Every structure is written in C-alpha cells, then in structure tokens.
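Comments concern the structure below.
The values are calculated or read from the model by the stated rules, or taken from the named source; none is laboratory data. Since the structure is predicted, the reported quantities are computational estimates derived from the model, not experimental observations. In this analysis, Cβ positions are derived from the backbone assuming ideal geometry, glycine residues included, and neighbour counts consider all displayed protein chains.
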Amino acid sequence: MSDFRNFIDDLPSVEEADFEEYANLMQMYVVAAKKSNSFEGTKRLLTELYPDNAHFIYELLQNSEDACARNVSFYLKSDCLIMSHDGSKIFTLNDVKGITNIGNSTKKNDSTSVGKFGVGFKSVFSFTDAPRVYSQDYNFEIVDMLMPRRIENLNERKAGDTVFVFPFKGEQNEQKKYYEQISEELKSLSDSTIMFLNNIHQISYDIDDSESGTITKEKVEDYIYRIVSSSKSTDNYWMIFGKGVDELKAEKNKLRVNVAYFLNNYGDRYEVSSVKGSVNIFFPAVKEHSNLRFIINGPFASTVARDSVRDCEENDLLFEKIFELMVESIDVIKEKGLLDISVYNMLPNNIDELEGRYALLRDKLIEEFDQHKWLLGANGDYYSVSELVRTTPNIQGLFDFKLLKEALGLDQKDWLCMAPLRKKNCINLFDSLPFFKASYKSLTGLFISEKRYMIESYIKKSTPDWLNNFYMFLIDYCNSFQEPRMTLHLDEVISNLRETKILLSNKGDYIEPKNMYLPGDSILENINYLNSDFVRQDNLQVLWHLLKIQPFNDAASAKLLIKAIKAYKEVSSEYLKSIFQLVGTLQESDFSWAKDEKIWFTSTERQKVSINELYLDEPYEQTGYEAIACSLQGIYGLSDDYYDFFSKNNKLEEFCDFVKRLGINYELSIIKADVKKNPLYQTALYNYSDNVTSHSTSEDYTIAGLEEIVMSPSEYTSKTIWNYMIGLKSLPRYCKATFSPNRTSPSRKCDSTLILLLRDNEWIPSNEDGSFYKPADISKEQLPEGFIWEDNSLFLKLVLFGTNKNRIKIQSEKLISEWGVSEDSEQAKALRALLTNPQVAAGILKMVNEEEKKYDLSEALSAQNKSQMDEVDDEALISGSVKNVTRRKGKIIEELEEGVKRPKGLKKLAIISRQKAEPSEREFLYSQYHGRCQICDSTITKWNGQKYFEGINLLNTSTLDDKLKRTLTTGWNSICFCPNHAAEYKFCSIDLSTLAKQIEDIEIEEGDDELIGLEIEMQGLKQTIKYTPKHFLALKTAFEYFLDKEDK
C-alpha cells in the first residue's frame, strides 16, 4: 500500500495536463490501484453511497442545472439510458476531469453544486461500466470509472446539446432490472424535482417509445409558479420564495435557500394550502423529516448520499435564513391578499410534533406574531396578536366588538376572525398564540348593575333570530359556571341575569327575568308573560329553569302579594286583607320558600319579622311555648291583630294551621348543633394532632334555646322538656355527636349536646323543696305532678336518672352507721346535707372503700380535701424510635423462643377477649406513652400530679403458655388507653379482623420516630391505635413468630 501511495504522490499535476496527458495519468492511477487491491473497494464504495440505484437521475439533473440547461430529456431503452440537455455552458476539460476524478470535482468549492464531493457522477457506475459523453468539444467514454478515452462524435446529437449514453452492464437479466428501476424512477419524478431548479424548465422522458412524460415549470407571476406533470396528470401551483445567503461564499453562484407553499387555484383567486412537508438539498432528502406542511430547500451540508442534513454551524446559519425567508414570505402573502385561515392552518403550531431545528423555526415564528400584523380581524384588517381578542364563534357572532370593548374596558382593537373555523391546525396555531381570550367568565361584566344598561340597549335593536341565538348562548354561559374551576358561583351569575332586562315579553318590551312569568291557566293583564315565540321552544326550557321563570300560579301570585305586603309599615285593614288573601292562595301549594319573608308583626315591639322568629300560644292555642320563649333570644309573640281578624272571619283554625306549616314555633323540636360547642369536643372528638380539612364531617343535636332553659329553668319549662323527651321515639338518632377531621380519619363519637345539657345541669324540680337537681341526683318520687313516667325510657338511662340518689342514700346511711353517729344527731344531719353533693359524696365513699380504714367524722371530712400537686415531670414527648431494628427484633425473638405456645384463635381476632395488663406491661407502656391514650392522645393528671391511664391486653393472656407470659414485658400484647376508650374496648363490640394484615404490611426503619397507626372498629366506627416504632416492632415480631409457628 505504501508503494501505491508513493506512486500517486509522484504523478504529475492533474490540473496542468491536457486531455491525453490526463487520460494517461488516470490510466496509470487505475493500474496502480488495481495492483494495490484498492480499486474494487473504492468502486463499490462510490456506487453504493445512494439509497437506490436510480438515484443517479438527480445527479444528472444537477449536472444539467449547473450547465444552465433549460430542457432535459431522458430516453430509456432496454439496453441503455440516453440523457441530453441544452445547457449553454460548454463542457470543458475541467468538466472531463471533474466527472472522472475523485475529490477533484470542478464544484468542490461551490456549495450550490451537489457534485462538490466529487462522487455524484460516480453513481452511474451502479448500472454501467462505460458511460459516454458527447459534447461540443469533447466526445469520450469513461473506462474503469476514472479513465477518459476519446470516441467518435455522435451524429444524432443536436447542435449545442450535451448527450450522455449509459450502456447497461451485465447480462440480459441484470439489464432488465436496471431498466425497470430507472423506468419507475422516471415516472415518479414529482414537482419537487424541478421546483428549486433555477435554469431547468422542462424535464421529459421516453420509455422505449411506449410511454412518455414531461414535467414543466412555468412562472405565472411574481413568486407563483405552475408545475405540470403529464405522467401524473397534475397541474399544480406553488408560491416559491428564495433568499441569498451572503455569509456563506460560493465559488461561482450565490447560495440561496427556498420555501415553497402549495396553492389551490380557484380561477379567480389562489388559496395557500398544506402539503406533507419535505426537506430538499436541491432534490428530496429522503431520510430528513421536517413534519412541516410546506417544503424547504437549501444547500445544506449533508451525508454523502444526500439523504439527510448534518449538524453543523453552516446548516444552523441556513435555517436562520429560512426563518427570515418565512417571515418575508408571509408579508408577501399578505400583500397578495392571500393571508387568511388557510395560511394559519399551514403554519407550524405547538401541537405539531417537531424536533430540533424545525421546533426552533416554529417557536421563533410564533414570537413574530406579536411584531407583525399577520392576524385577520373580524373587520377584515390585520393586527398583531396583542391587538386582538379571541373568543368562541358564538360569542363573536352575537356581540359587536365595540359593545364589549366599552363594557369590559378592553384595550384590543377587534375580534380575531374565527368564522368559518373548521381547520384543526389553524385552531392549534391560535391556541399557541398569547391572545386575550374573552371567555364566559370575562363576560360577566355585561350583566353587572353598572354596565347592564349597555347590553339592554343592544338587545333592543336585535332581530328574532339574534335573540334566539342569544338565549341559547345564555344556556352555555350559565352552564360554564358549574365547572369547579370557575371562581364565580352560578348563583351570583343567575342573580345578575335576573336583574337585567333580557327577556322579550308578550307586550313587546324587555323585562327582567325576576319579573317575568310563563303563561299559566289564566292570563292577567298586569302580569308580564314571556313572549309566545320562545315559551314552548324545547331547546330553551333549560334557560327558563336556570332563570327561575315559573308559570303564573298560586306561588307566583303569592310572591306578588308578599312584595305588596312588605310595603306596609303597620297593621291596617288593608294589610290584614292581604294576609288573608295570602293564606287562601298558599293553602294548596308548597310555600316553604316564604318562611324567611319578614312580613309578620310581633305582639310587643310591633316590628316585622319572619315566621320562624315568632311563637304561637294563647290566645290562638294553648301550646305552652310562651314560657319557653321567655328563655330564648330573638323569639317573639305573634300580634293579636291576626287573632281578632281571623276570628271575626271564622278562619282562625285555618290561620293557625297555615302559620304552623309555614314554620312558626309552637312545640319543641330537635335541631342540628355546632359540634365544636359540644362540651366534650376537645376531649372526646378532637385531637390537637388532627389534620382538619374541608372534607371533615360532624353531627350534633340539641333543642333550640336548651342551654338558656336549663340554666334558668322553671317548673313549666322543665315539665315541657321532660315530657317531650320521654315521648321522643326517635331519640336514638339524636343521642350521639360524631366528628371526623378528614376523609381518611375514622369518626369519633360522644354524647350529643342534647344529652349532655340535660344530664349535667340542674333543671328538674323537686316536689320536696322546689329546688332543681341534675337527673342523677333526683328520684321518681321527687318528680312534681304532670311529669310523665316510663320505666324503660331510653332518655332516663342516657341522663343517668336517679343513679347518684339511690347509691348515695344507701351508702351514706351505711357510713353513718359504721361511724357510730346517732341518726338524729346534728353530725348526722350535717353529713347527710354534705352527701347531697354527688362530687363530695363520691369522693368520701371512694376513699373509704379503697383505704378500708375506719375514719371518725373529722378525719373523713379532712381526708376528702386534696390539694393539686405539680405534675410529675415524665418527658411528656412520646419517643419510641428504634436505633437498630435487627438487633432489637432478635432480642424479642429470643424471649419468645422460651417454649412459646401459639395463642389459640390468633387469626380470629374479632372475638378475642381482653384483660387488664400486668404491672410489667404497664411499666413498658408508661415508658412509651407517658400516660397518653393511644387513640385520642389525651392524658389525665391525678391530684398527686401523676398520670392516670388504663393498660389492657390486646389478646386474652389466659390462652398463653406460662413461659410466653414472661415475654409480655416486651409490651407486644399491651395497649395504653384513657378510661373512655378502655371501657369501649373491654365491653363494646369490636372488630380486629384486618389487624394481622396491617401489621404484616407495615415496615419500620431505623431511627424513625413517627407514630404508626393501626385501624380497628369499636362500636361500628373506625378508630386508629397509634404505636411508637419500638412498641410496634414488639407487636410485629410476636405476630410473625406466632403465625410462622402455626404454619409449620
């Protein structure tokens, strides 16, 4: 190989040789290459560069373009291909050298000539071994791909033409293959083949005298060209733009880039249209995909096969020039009057799947819409994107832009032209541009009080068709505010519409919806009815519903009556007649809507209030509510004027029935209460650690004014409440308050405010001394006359009726006897009086029972008095992290290994009984929780400052082996509860059926100090037991150990 290279270096200069010298040099080169075994490899490399064997046709066309040819013809025969062109550029010796050498083309420094690689013409050797060239000065054939050899002139050559003859190589079958490939390639020549050629205007071909075709390019006017293909039967029009690239220097020609847009020709006008975009390097680069909807061309640096564009700075510059050309071309399109929706549909948008340079073209072009007046307004003028308002076609079709500009205070100049708009890519382009958008939300300003006069004036000039479309628009307008993302509430939108004169009446004028009615059974002259042209249109019924337009019936008549009644300032005969008419009108109707109307006079202050601010009692009926109302604020007696008027007209019973149904207060009733005001809210329902969200749920109940009544009771009010509660069959529904802070947290329960107020206050009178007592501190025998008694009443159980009274009486007499105090002595009387206080009595009796010590009277009295000591400092912050999970787990397993026998029924956790925790377990629980309940997180501090809690077992320890019981110090079977939750766990229904699966699924990490929650059900409600990591690891390890033993 080194000898061959030395030989090449010693050859004389090619540039200085004449034809014969050059031919000899190339012969020597070929001989040397063959000797070095490099010739065949080089030939194969050069002939296989292109994607198909027929690609050489484009190379021949490019050579013809460089020769300034206007016409190119191909004649295909079974054994050869003949190509000729009429190029004005004479075929020179340099051209001979250029098509026979490698890397020494005459176009190597000219970027506009594709043959700059020096290998373009070599593509012909894929199907021929000896191409022939006939020109004015040189007739030769090429042997061994590189060596020119003179031949005789071709007599059939037309003067001035250059002719190329390509005899097919190989046997007949191989020649047939070449013939078929070239035939297909000639027939597939498209518009883009000739589109960007400046010199060639016609390409023709003849296939063995049996089939022929031509492609011609003709300039119609500036930028517009006509390309006709006879073989494809197409007659297409294109707008082709070019721009020079001064920054890149060519050897002879000025470099240019091009863009081409397809045109629809409608005879009297053109329309820009979309095509599948392609990238040309003079001819199509088949592997380069732009995904644009127009064609671009440039002298791009490409692969040798010219099928794709390379990444380099020169190409970046060319794409910058293409962007500039696109901007200039859109200005020209606008000048020609062709810039419309079809152009917007052709341009790239943000939805198009573009990459790299093509995405950059798109992004930069979109930015230009704010600098150029390219967008067509509704009035036919062009504007930049910041000068237009984009909206929906129905809004644009309904409203004059000047109306909205003034009503909404817009700075823009016109609507964006949107009609007719059915082109998807056009919509995508508009979506990509930063328009001000007139949405339904922005149109609310049309109907507010300060601006509605504008739309009212505008509507008066409308046609019936416009009005119908406007009413259809209002349906969409209202429905849009039902979406969660809309900040305005639909009620506010409807309210504004109901105040705006937008509905055409039967009298021909425009009325507010609030004063409009649908025709009913009877037509009254003074009533505004909706115009009959719109009443029964099916597609508008939803609008009448949204605007709350009702048929003129009894309810509508009543609303008009109420409107008139509101005008009266005092009770008069006319006022009472109107009330009489109202009662008669609403007897058969649903009139719950009228309960909040302030049209009723009170008995004392003579003010007008709503019916639910009044109570009914004598002289109308003996309801007893007056005594209750005295304890309530904002509840007044009904004026006696109604009694006099309706009694006189023999309609008193009818009147009383009416006001009862309307909502006057005349009997006790359960109402919903604010759960946050429940006395047990902070301790039983709410945890300070709760994450309270908008999805929290709560339920609580009371009686209106109950707190005021029980704080200042009378025998009458007490009897009323007592008898009401005894007879309340639905009490189970109202005896509990519930609260859940969010969607995921379980609900917590406690006694309702109703029960707590009645249980914990002194409101029941005694027939012995007239004093009031708590239900627990009074007996049946002490109830005054008229208090209903029912032995099995749920109410009595809920308020703990008589529980303290009976227990204290028995135990206090026993205590007096044990202390040796004379029953009739002053000390006995003092003790009995003291023991009437349940708190004092409970404390003394508990102290006596626990200490099992006999106290004299003075000792017993002094022992009851305990000062509150300071709380014990016991690290109130719960901390139970595990530093080394593996080591801790191993230690637990070692304790469990001591002859453990698995507890019977472990998998049936829902029915396992519970027992009190052992002292060792309590010690562990205290170390982990410091007395805090694992459910509610509450603590109870005893009088001596220590924390009180109840430790109970998760599983029944009676089924465990004695050795296993010694492992309970690990705390795996223990729970730390407050008294309330301990009692629920011990005695109420409970379900632990999902506990084992929860324990299995949860893993803990070393150093983690977050509490771990396990869900169970207590009394049918979900509760969460919160474990420290250390406590949970003990539980999880034990469960895994037991279950593994069972499986084995």
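Would you pick out the residues in the stretch 370-385 that are touching a strand residue (DSSP E or B) at 6+ places or on another chain (Cβ under 8 Å), surrounded by 15 or more Cβ atoms within 10 Å (Cβ to Cβ) and over 13 Å from Ile341 (Cα atoms)? Break it down into steps so the answer makes sense when it comes.
Keep residues of the stretch 370-385 that are touching a strand residue (DSSP E or B) at 6+ places or on another chain (Cβ under 8 Å), which gives 373-379, 381-385.
Still in the list and also surrounded by 15 or more Cβ atoms within 10 Å (Cβ to Cβ): 373-378, 382-385.
Across the stretch 370-385, the qualifying residues are Lys373, Tyr383, Ser384, Val385.
Residue check: Asp617 meets all listed conditions (1) in contact with a strand residue (DSSP E or B) (Cβ under 6 Å, 6 or more places away or on another chain); (2) surrounded by 16 or more Cβ atoms within 10 Å (Cβ to Cβ); (3) of a type in the set (D, E, K, R) but one, namely (1). In the set Arg157, Arg149, Arg132, only one residue is surrounded by 14 or more Cβ atoms within 10 Å (Cβ to Cβ) and either among the hydroxyl-bearing types (Ser, Thr, Tyr) or modelled with pLDDT under 90 (or both); that residue is Arg157. Name the residues in the stretch 344-369 that are assigned to a loop (DSSP other than H, G, I, E, B), over 19 Å from Lys243 (Cβ atoms) and not aromatic (Phe, Trp, Tyr), would you? If the condition is that a residue be assigned to a loop (DSSP other than H, G, I, E, B), over 19 Å from Lys243 (Cβ atoms) and not aromatic (Phe, Trp, Tyr), then Asn349, Asn350, Ile351, Asp352, Glu353, Leu354, Glu355 are the ones that fit. Under the condition of being in a loop (DSSP other than H, G, I, E, B) and out of contact with any Leu (no Cβ under 9 Å at 6 or more places or on another chain), which residue from the stretch 323-343 is surrounded by the most Cβ atoms within 10 Å (Cβ to Cβ)? In this case the residue turns out to be Lys336.
When restricted to residues that are under 22 Å from His201 (Cα atoms), modelled with pLDDT under 90 and not in a loop (DSSP other than H, G, I, E, B), the stretch 78-120 contains 2. Between Leu410, Leu403, the distinction of being in contact (Cβ under 8 Å) with a residue 12 or more places away in the chain, surrounded by fewer than 18 Cβ atoms within 10 Å (Cβ to Cβ) and not in a helix (DSSP H, G or I) belongs to Leu410 only. A single member of Asp235, Asp222, Asp206 is outside the structural domain of Glu65 (by TED's automatic domain parsing) and touching a Leu at 6+ places or on another chain (Cβ under 9 Å), and it is Asp206. Residue count for the stretch 1009-1032, restricted to those that are of a type in the set (Gly, Ala, Ser) and closer than 13 Å to Cys936 by Cα: 1.
Scanning the stretch 779-799 for residues that are surrounded by 15 or more Cβ atoms within 10 Å (Cβ to Cβ), hydrophobic (A, V, I, L, M, F, W, C) and in a loop (DSSP other than H, G, I, E, B) turns up Leu783, Phe787, Val799. Contact annotation: residue pairs with Cβ atoms under 6 Å, 6 or more positions apart or on different chains, pairing a residue in the stretch 428-449 that is modelled with pLDDT under 90 and part of a loop (DSSP other than H, G, I, E, B) with a partner that is aromatic (Phe, Trp, Tyr) and surrounded by 14 or more Cβ atoms within 10 Å (Cβ to Cβ), are Tyr440/Tyr477.
Among the criteria (1) acidic (Asp, Glu); (2) surrounded by 13 or more Cβ atoms within 10 Å (Cβ to Cβ); (3) not assigned by TED's automatic domain parsing to the domain that holds Phe645, the one Asp538 does not fulfil is (2). Kindly provide the set of residues from the stretch 497-548 that are among the hydroxyl-bearing types (Ser, Thr, Tyr) and either part of a loop (DSSP other than H, G, I, E, B) or closer than 24 Å to Leu561 by Cα (or both), ordered by number. Within the stretch 497-548, Thr500, Ser505, Tyr510, Tyr517, Ser522, Tyr529 qualify.
List the strands (runs of 3 or more DSSP E) that sit entirely inside the stretch 177-246 and contain at least 2 residues that are touching a residue at least 12 places away in the same chain (Cβ under 8 Å) and closer than 30 Å to Asp79 by Cα.
On the way: elements: 202-207, 211-221, 224-229, 234-244.
The qualifying strands (runs of 3 or more DSSP E) are 202-207, 211-221, 224-229.
Which of (1) touching a Leu at 6+ places or on another chain (Cβ under 8 Å); (2) over 18 Å from Tyr358 (Cβ atoms); (3) of a type outside the set (A, V, I, L, M, F, W, C) is the odd one out, the single condition Gly298 does not satisfy? Only one criterion in (1) touching a Leu at 6+ places or on another chain (Cβ under 8 Å); (2) over 18 Å from Tyr358 (Cβ atoms); (3) of a type outside the set (A, V, I, L, M, F, W, C) is unmet by Gly298, namely (2). Inside the stretch 682-718, residues that are part of a helix (DSSP H, G or I) and buried (at least 19 other Cβ atoms within 10 Å of the Cβ) make up a count of 7.
Within the stretch 38-62, the set of residues being modelled with pLDDT under 70 and touching a helix residue (DSSP H, G or I) at 6+ places or on another chain (Cβ under 6 Å) comprises Leu46, Thr47, Tyr50, Asn53, Ala54. In the stretch 640-673, of all residues being part of a helix (DSSP H, G or I) and aromatic (Phe, Trp, Tyr), the one that is nearest to Ala737 (Cα to Cα) corresponds to Phe658. Could you tell me whether Ala567 is part of a helix (DSSP H, G or I) and either surrounded by fewer than 14 Cβ atoms within 10 Å (Cβ to Cβ) or modelled with pLDDT under 90 (or both)? Taking the combined requirement at face value, the residue does not satisfy it. Within this structure, Arg748 passes the test of being of a type in the set (D, E, K, R), crowded, with 19+ Cβ neighbours inside 10 Å and at pLDDT 90 or above.
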